[in-house]
Amino acid sequence: MPSSPLNRRNFLTAAGALGISLKANAAPPAILSSTTLLPPSKGKRVVIVGGGWGGLSAARHLREVAPDLEVVLLEKSAAFWSHPLSNQWLVGLSDGRHLVQDYLAAASAYGYTFIRTEVTAIERDTRQVISDQGALNYDWLILATGIRYNFAPWFGADHRAAEYTQQNYPAAFIGGEETRALKKKLENFGGGDLVMTIPLMPYRCPPAPYERACMIGWWLKARKIKGKLIVLDPNPIALGFDRVYKQHYANQIVYVPQAAVKAVDPFGKTVVTDFDTIKFDDAILMAPQQAADLIWQTDLIGKDSTGKPTGWADQDAVHLHAKGDERVFLIGDLIDKASPLFGHYPKSGHLANRLGRIAAQEIAARAQGKEPPKLLPDSVCFVHANVEPMEMIRIDAQYRLRGDGLIVQTVKQNYDPNPRGEDVAWAETMYREFMALTPSGR
Ligand SMILES: Cc1cc2nc3c(=O)[nH]c(=O)nc-3n(C[C@H](O)[C@H](O)[C@H](O)COP(=O)(O)OP(=O)(O)OC[C@H]3O[C@@H](n4cnc5c(N)ncnc54)[C@H](O)[C@@H]3O)c2cc1C
């Protein structure tokens, strides 16, 4: 049940302490519920918070399947940033022209309203979104706010260490600024030990850190930089990356399996695992991940059997609404396990996009008084397994409902030793579909 506004604000602080959201350090946001962002809707209104792969897809499809609904997308960033294809850009293998996209162009092409604003609270009992510029009523709400880092296992309640780590050793999993900072770091790296910690599963785009390691290994080799990338991995390694590291980057990459990070000292530049204390010259510190701040603030985090927060949004896995609140839909990387049979969906842009489309169809059916359909997503992911020679892996995941209502997953991996830009073609198809990208670029 929604709690009182005061409790919710207290909850934000408590959640911040757990996840060490950097915002927990800031003064509490002013609640501007007396200022409205838009005049009252003449019909029904859907508000979407978060203009990433999930939210943009929901906005675009709602306009198509429910043209009578008013659709408003609220996003805090000025422009859309794509993580897909960003690892290649980090090391100069792509010109980055696909990474930044224009929100206003997409909103105008599909006919929804885009407002740049940060949402600070949700009043679920009065169906109101509160942002730093004013309030907005909704009939249905879609939350697609992505992830945040969980620095608590490393730093407890030490906000200064968390902030210092995020600024100086960016993981480049959230937004463009971190990825730009990491690119600069690599360009300035003159040699020595560069440590990269892989987050414990589940996290956004599981193959991304391994792909990034390949790219950096290649970068060090091609530029003859006397440095080593030390990869600390707490997860079982997938996709044969260890073979590629050994075969092609033996002098550049030290891959350490079963390396769960126990402590990090970002000021003294050390990482402690169960077996070692590793001193670094520079680092890419990928902390564990969990659902973004707003999901904690809105009291939508799931609980495990012991009552402990799972870190991810609790939802009906088929219909995508929040448990106990069919006016709020949860999509993208922020969601909890989809099925006891396989756990989490892969946290991919492709899958977030499909969940956005499904949420649009759910809301359209409800608005028309119809039974919502039972639709499931799919996921496609292209991963570079090597640079020279270029090797790629395509991972396809399909989902179906079993007779007992549980979701079943089938995953196929195809190794491609001779790729021809399939990843760029996939991204362009996606951008054409949800960012209104034209074949010439815009
Ligand atoms: C290096 C890397 C490579 C990847 N490669 C691939 C790939 O090849 N293929 C693939 O399918 N996926 C890939 N991914 C994963 C993909 O980027 C994510 O799965 C996808 O971004 C998830 O979409 P989302 O909508 O859930 O979240 P996001 O895309 O993170 O969008 C969330 C949005 O919400 C906004 N927001 C958050 N809080 C608020 C608030 N309070 N108010 C207003 N706005 C807010 C944020 O600014 C953001 O724009 C990759 C990820 C990484 C890190």
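The values are calculated or read from the model by the stated rules, or taken from the named source; none is laboratory data. None of these values were measured; they are calculated from a predicted model. All Cβ positions, even for glycine, are placed from backbone atoms using ideal geometry, and neighbour counts span all protein chains on display.
The table for this structure:
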| item | result |
| --- | --- |
| Residue match in the stretch 185-207 (condition: under 20 Å from the mean Cα position of the chain (by Cα) and among the acidic types (Asp, Glu)) | no |
| Residue that is surrounded by the most Cβ atoms within 10 Å (Cβ to Cβ), among those in the stretch 122-138 that are out of contact with any Ser or Thr (no Cβ under 8 Å at 6 or more places or on another chain) and within 21 Å of Gly332 (Cα to Cα) | Val129 |
| Identity of the residue in the stretch 36-80, surrounded by 15 or more Cβ atoms within 10 Å (Cβ to Cβ) and over 18 Å from Leu143 (Cα atoms), that ends up modelled with the lowest pLDDT | Ser41 |
| Matching option when the condition is of a type in the set (Lys, Arg) and more than 14 Å from the ligand (Cβ to nearest atom), among Arg116, Arg97, Arg60 | Arg97 |
| Hey, Asp299 acidic (Asp, Glu) and within 16 Å of the ligand (Cβ to nearest atom) or not | yes |
| Residues (crowded, with 24+ Cβ neighbours inside 10 Å, of a type outside the set (Gly, Ala, Ser) and touching a helix residue (DSSP H, G or I) at 6+ places or on another chain (Cβ under 6 Å)) located in the stretch 348-372 | Asn353, Leu355 |
| Hits in the stretch 199-230 - residues which are more than 12 Å from the ligand (Cβ to nearest atom) and in a loop (DSSP other than H, G, I, E, B) | Leu200, Met201, Arg223, Lys224, Ile225, Lys226 |
| Filter pass, Gly343 being over 22 Å from the mean Cα position of the chain (by Cα) and either small (Gly, Ala, Ser) or in the same structural domain as Glu64 (by TED's automatic domain parsing) (or both) | no |
| Selection within the stretch 275-330 - within 30 Å of Glu187 (Cα to Cα) and surrounded by fewer than 18 Cβ atoms within 10 Å (Cβ to Cβ) | Asp276, Thr277, Lys279, Asp281 |
| Scan of the stretch 380-422 for residues that are in contact with a Phe, Trp or Tyr (Cβ under 7 Å, 6 or more places away or on another chain), in a loop (DSSP other than H, G, I, E, B) and surrounded by 13 or more Cβ atoms within 10 Å (Cβ to Cβ), ordered by number | Val387 |
| Top-ranked residue of the stretch 148-198 - restricted to ones that are among the hydrophobic types (A, V, I, L, M, F, W, C) and in a strand (DSSP E or B), ranked as surrounded by the most Cβ atoms within 10 Å (Cβ to Cβ) | Val195 |
| Residue satisfying condition, being at positive phi, of a type outside the set (D, E, K, R) and in contact with a strand residue (DSSP E or B) (Cβ under 7 Å, 6 or more places away or on another chain), within set Leu351, Leu285, Leu294, Leu320 | Leu320 |
| Residue within the stretch 234-242 that is within 14 Å of the ligand (Cβ to nearest atom) and in contact with a Ser or Thr (Cβ under 9 Å, 6 or more places away or on another chain) present | no |
| The listed residue being farther than 26 Å from Gln101 by Cβ, touching a helix residue (DSSP H, G or I) at 6+ places or on another chain (Cβ under 6 Å) and modelled with pLDDT under 95, out of Asn386, Asn418 | Asn386 |
| Residue within the stretch 217-225 that is at pLDDT 95 or above, of a type outside the set (Asp, Glu) and more than 18 Å from Gln88 (Cβ to Cβ) present | yes |
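This table checks each residue for (1) of a type in the set (Val, Ile, Thr); (2) in contact with a helix residue (DSSP H, G or I) (Cβ under 9 Å, 6 or more places away or on another chain); (3) within 16 Å of the ligand (Cβ to nearest atom).
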position	(1), (2), (3)
Val244	yes, yes, no
Ala260	no, no, no
Val264	yes, yes, no
Ala283	no, yes, no
Met286	no, yes, yes
Gln289	no, yes, yes
